[in-house]
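The block underneath contains the structure these notes are about, expressed in structure tokens.
The values are calculated or read from the model by the stated rules, or taken from the named source; none is laboratory data. All values reported here derive from a predicted model rather than from experimental measurement. Positions of Cβ are backbone-derived with ideal geometry, glycine not excepted, and every protein chain shown enters the neighbour counts.
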């Protein structure tokens with residue numbers, strides 16, 4: 001049983017890292033920071049209310065769900081979703097993590113997009129911006145220019 005567990009845990013960790021490298025959203029803050037350190041890319045932390053926040057839903061539909069954004073993200077950032085849903089129940093550990101991060105970074109409203117270094121330092125803050133993925137990624141790139149992950 002120990003041998004099986006020793007094989008399964010690293011395999012799962014590798015699959016999460018591969019997903020994140022492929023531009024998919026992570027939910028584990030510490031894993032996102034570790035991947036940021038490994039890749040040299042900053043973390044894009046999306047503080048969102050996925051099932052109740054109109055601007056959050058709009059940001060996802062108009063920007064984050066678009067192929068242009070996904071291609072940009074894959075090359076430039078590690079994606080981290082920090083969700084605060086009202087109708088969906090998160091696992092207790094994830095809820096605790098998200099609540100502590102909202103307090104740590106003094107999140108006042110949703111959506112808040114925070115760009116973080118691999119040490120967890122805030123590099124820049126963004127949110128919803130009209131104009132789709134090209135406008136959003138251009139402004140995000142400008143915010144990150146010269147900042148070290």
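The single condition among (1) part of a loop (DSSP other than H, G, I, E, B); (2) in contact with a helix residue (DSSP H, G or I) (Cβ under 8 Å, 6 or more places away or on another chain) that residue 85 does not satisfy is (2).
Within segment 128-139, residues that are farther than 17 Å from residue 71 by Cβ reach partners that are surrounded by 15 or more Cβ atoms within 10 Å (Cβ to Cβ) with beta carbons closer than 7 Å, at six or more positions or on different chains, in the pairs 128/59; 128/111; 129/136. Considering each residue of segment 90-102 in turn, at least one proves to be in a loop (DSSP other than H, G, I, E, B), under 23 Å from residue 58 (Cα atoms) and touching a helix residue (DSSP H, G or I) at 6+ places or on another chain (Cβ under 9 Å).
Note on segment 10-37: residues that are surrounded by 12 or more Cβ atoms within 10 Å (Cβ to Cβ), out of contact with any helix residue (DSSP H, G or I) (no Cβ under 8 Å at 6 or more places or on another chain), in a helix (DSSP H, G or I) and modelled with pLDDT of 95 or more total 4.
Per-residue answers, yes or no, for (1) in contact with a strand residue (DSSP E or B) (Cβ under 9 Å, 6 or more places away or on another chain); (2) surrounded by fewer than 20 Cβ atoms within 10 Å (Cβ to Cβ); (3) at pLDDT below 95; (4) farther than 20 Å from residue 144 by Cα:
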| position | (1), (2), (3), (4) |
| --- | --- |
| 53 | no, no, no, yes |
| 63 | no, no, no, no |
| 115 | yes, no, no, no |
| 118 | yes, no, no, no |
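Taking the criterion of being more than 27 Å from residue 147 (Cα to Cα) and either under 13 Å from the mean Cα position of the chain (by Cα) or surrounded by 11 or more Cβ atoms within 10 Å (Cβ to Cβ) (or both), the residues of segment 65-109 that qualify are 84, 85, 90, 94, 95, 96.
The single condition among (1) buried (at least 18 other Cβ atoms within 10 Å of the Cβ); (2) touching a residue at least 60 places away in the same chain (Cβ under 8 Å); (3) more than 17 Å from residue 26 (Cα to Cα) that residue 41 does not satisfy is (3). One residue stands out in segment 127-149 among those that are outside any loop (DSSP other than H, G, I, E, B) and touching a helix residue (DSSP H, G or I) at 6+ places or on another chain (Cβ under 6 Å): the one that is surrounded by the most Cβ atoms within 10 Å (Cβ to Cβ), namely 136.
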